[in-house]
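Student: Just passing along the structure, written as structure tokens.
Read the figures in this text as sums done on the coordinates, not as results from a lab. Since the structure is predicted, the reported quantities are computational estimates derived from the model, not experimental observations. Cβ atoms come from the backbone with ideal geometry, glycine included; neighbour counts cover every protein chain shown.
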Amino acid sequence: METYYLQECLYEELIQHCQTCLPYEACGFIAGENNIISGIYPLVNEAKTVNRFFVRKEIVHQTLLDITNANKQVLAVYHSHPSTHPHPSQLDLYHHPDDHLGMVILSFQSTIPTIKWYKITNKTSTSCSLVILKEDHS
Ligand SMILES: [Zn+2]
């Protein structure tokens, strides 16, 4: 199973973005290098519904440019499920833009949010493992 690594502070940033958007879905890009995440790039959801999102093309292009300029790569596209389990829906699989990108889903179904990373191949999802790295306070 493929493993990705996420610093706790970035994980909190991710959760916070999704929580701010509730009850609507949030979405954005996860950037990094190899399997290590180094940046969260929220996108503005203009659909304002609980199970779909729409982001303007110009915003997507600008965000991708920001990621490239920061010498990072897009590793995954993330979105939230405000009230359902963290599994990709048929629609999620259908709309996934690129099999080279992972699909990250954050679920707010229960009080403690859950996060899942999937690899998508031909509209089929496979779970990857995601490790949250605790901050070193020593
Ligand atoms: Zn979804």
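Student: Run the simple label-point estimate for Asn71 and Ile59 please: 7 Å along Cα→C-beta, distance reported in nm.
Tutor: Each label point lies 7 Å from its Cα, and together they span 3.0 nm.
Student: Suppose we keep just the DSSP beta bridges with both residues in the chain; what percent of those would be antiparallel, to 5?
Tutor: 65
Student: Going 7 Å from the Cα of Leu22 along its beta-carbon direction, which residues of segment 110-124 have the amide nitrogen within less than 13 Å of the resulting point?
Tutor: 110-114
Student: Looking at Thr111, Pro97, Gly39, which one has the Cα that reaches farthest to the positive end of the dipole of the chain (charges on Cβ: Lys, Arg +1; Asp, Glu -1)?
Tutor: Comparing the listed Cα positions along the dipole, Pro97 ranks first.
Student: Here is a follow-up. Sum -39500 (n - 2.57) across every DSSP H segment of at least 4 residues in the chain, then divide by the residue count to get the 222 nm mean residue ellipticity, nearest 500.
Tutor: Dividing the helical sum by the residues of the chain leaves -7000 deg cm²/dmol.
Student: Let me ask something additional. Along segment 61-71, what does the Karplus equation 6.51 cos²θ - 1.76 cosθ + 1.60 (θ = phi - 60°) give for ³J(HN,Hα), rounded to whole Hz, x for Gly and Pro?
Tutor: Going residue by residue, I get 4, 4, 5, 5, 5, 4, 5, 5, 5, 8, 6 Hz, with x marking Gly and Pro.
Student: Once you charge only the Cβ atoms, +1 for Lys and Arg and -1 for Asp and Glu, what is the size of the charge dipole of segment 3-133 about its Cα centre, to the nearest 20 debye?
Tutor: Values: 8 positive and 11 negative charges, 62 e Å.
In total the dipole reaches around 300 debye.
Student: I would also like to ask the following. Report the net charge of residues surrounding Ser127, where surrounding means a beta-carbon distance below 10 angstrom and charges are Lys +1, Arg +1, Asp -1, Glu -1.
Tutor: +1
Student: Mind checking which of Asn69, Asn122, Cys27 is farthest towards the positive end of the chain's charge dipole, using Cβ charges of +1 (Lys, Arg) and -1 (Asp, Glu) about the Cα centre?
Tutor: Asn122
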